[in-house]
Amino acid sequence: MKNIVVLGSTGSIGTQTLDVVRALPDDFRVAGLSAGRNLDLLAEQVAEFQPRMVWSEEGRDSVDGAALVPPEEMVTEPDVDLVMVATTGRAGLVPTLNALRAGKAVALSNKEVVVMAGELVTRVAAEHGAPLLPVDSEPSAIWQCMRGEDEPVRRLIITASGGPFRTRRLEEIAGVTPAEALVHPTWVMGRKITIDSSTLMNKGFEVIESRWLFDIPFDRIEVVVHPQSVIHSMIECADGSVKAQMGPPDMRLPIQAALAWPARLDNGKLPRYDPLAWPSLTFEPLDPARYPCFATAVQAGRREQTYPAVLSAADEEAVHYFLDGRIGFGDIHRVVESVLDRHEPFDASTPEAVLEADRWARREAAATAGFG
């Protein structure tokens, strides 16, 4: 029985994590839940799973008898075995570092944590012998393929669905609406990551994520468009053999892989892969003209220092403005690129430095978008 904490329990990954727990009650117990402002859903979760710790941004004294414990403290409690970081953006950084320093296994869905502070996060994990388990579907696929491989891999091949505008005429893309961008062709995800999937910013994030999680140079990471989202990623071994991780596009599969590690648990509630349901699997090159955010993200990752933290923060702000109808779809890249161009980088080896870069980028993003 693993005692787990779920940060971001009312979001898309958080609720799907609890779906897995619900299906496997003999394997997992919820020790703590934290959420934003969806207090009604949080109260339902507390009533069902009976955690002893809870937190919300509203700051109540307790929720149905559970003690109010901030996430950065909740994750270090002695009885906690694993922390699911299902938040988005900078909110996950300090709790992740605290959990790793306490030697806890961290199931990381919040890719921005590694984008912001990849060198710092992986170093802390190594220093404290804490497992860092990717939940994002593509890094999870790579991680699963690499299990059992003793030799360094030659190449990582990350797949991308291409998002909702893969076949849209280029001249039409800049004017798409938030409602259009939120209709992903294969995955059901939260709002922010869905927009990042439509710009392919998320794929640039995953390249940065993979560089740090798997200690592999950028030049050995490739991205191909795979519209069916069945092959989640591949690795090429030294002898040229290629391994792929496959399955239906359902986030509960990589969630359970991380929660159950090192075991493989039978969960009858999860979908099974039927090759006849996908008789044709296709691949296409990534078109840089269609997805300018991708190249911008990878360039920021290559430049290291505080550039990735600025990238993550500026993108989060730009996506927020777009979803609020305050800027256009094409302005997301403009805002991010402009903020990066003005950034004077510094060392990102401490959480304080990363968060300072994050704050600077948010201010600059607001000014660039005309709201500062």
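The values are calculated or read from the model by the stated rules, or taken from the named source; none is laboratory data. Computed from a predicted model, the values in this text were never measured in an experiment. Cβ coordinates were reconstructed from backbone atoms using ideal geometry, including for glycine residues, and neighbour counts include every protein chain displayed. All accessible areas refer to the heavy atoms of the entire protein, side chains included, with ligands and DNA or RNA removed. Shrake-Rupley method; radii C 1.70, N 1.55, O 1.52, S 1.80 Å.
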* Would you point out the residue of region 148-162, among those that are small (Gly, Ala, Ser) and in contact (Cβ under 8 Å) with a residue 60 or more places away in the chain, that is surrounded by the fewest Cβ atoms within 10 Å (Cβ to Cβ)? => 161
* Asked: Got a number for residues in region 348-372 being open to solvent by 50 Å² or more (accessible area, probe 1.4 Å), of a type in the set (Gly, Ala, Ser) and either assigned to a helix (DSSP H, G or I) or over 17 Å from residue 324 (Cβ atoms) (or both)?
  -> 1
* Filtered residues of region 96-129 (kept if open to solvent by 10 Å² or more (accessible area, probe 1.4 Å) and closer than 19 Å to residue 3 by Cα) -> 98, 101, 102, 103, 104, 105, 109, 129
* Asked: If residue 271 passes every condition in (1) part of a loop (DSSP other than H, G, I, E, B); (2) surrounded by 15 or more Cβ atoms within 10 Å (Cβ to Cβ); (3) of a type outside the set (A, V, I, L, M) but one, which one does it miss?
  -> (2)
* **Members of region 1-25 that are open to solvent by 20 Å² or more (accessible area, probe 1.4 Å) and of a type outside the set (Val, Ile, Thr)** => 1, 2, 3, 11, 12, 16, 19, 22, 23, 25
* Name the residues in region 329-340 that are more than 16 Å from residue 200 (Cα to Cα) and not aliphatic (A, V, I, L, M), would you? -> 338
* Asked: If you check 213, 200, 265, which single one turns out to be touching a residue at least 60 places away in the same chain (Cβ under 8 Å), within 20 Å of residue 18 (Cβ to Cβ) and of a type outside the set (Gly, Ala, Ser)?
  -> 265
* Asked: Just one of the numbered conditions (1) more than 20 Å from residue 145 (Cα to Cα); (2) surrounded by fewer than 19 Cβ atoms within 10 Å (Cβ to Cβ); (3) touching a residue at least 24 places away in the same chain (Cβ under 8 Å) is not true of residue 169; which one?
  -> (3)
* Can you tell which of 244, 289, 297, 257 is assigned to a strand (DSSP E or B) and either out of contact with any helix residue (DSSP H, G or I) (no Cβ under 6 Å at 6 or more places or on another chain) or at negative phi (or both)? -> 244
* Structure fact -> Only unsatisfied item for residue 30, checking (1) open to solvent by less than 40 Å² (accessible area, probe 1.4 Å); (2) assigned to a helix (DSSP H, G or I); (3) out of contact with any Ser or Thr (no Cβ under 7 Å at 6 or more places or on another chain), is (2)
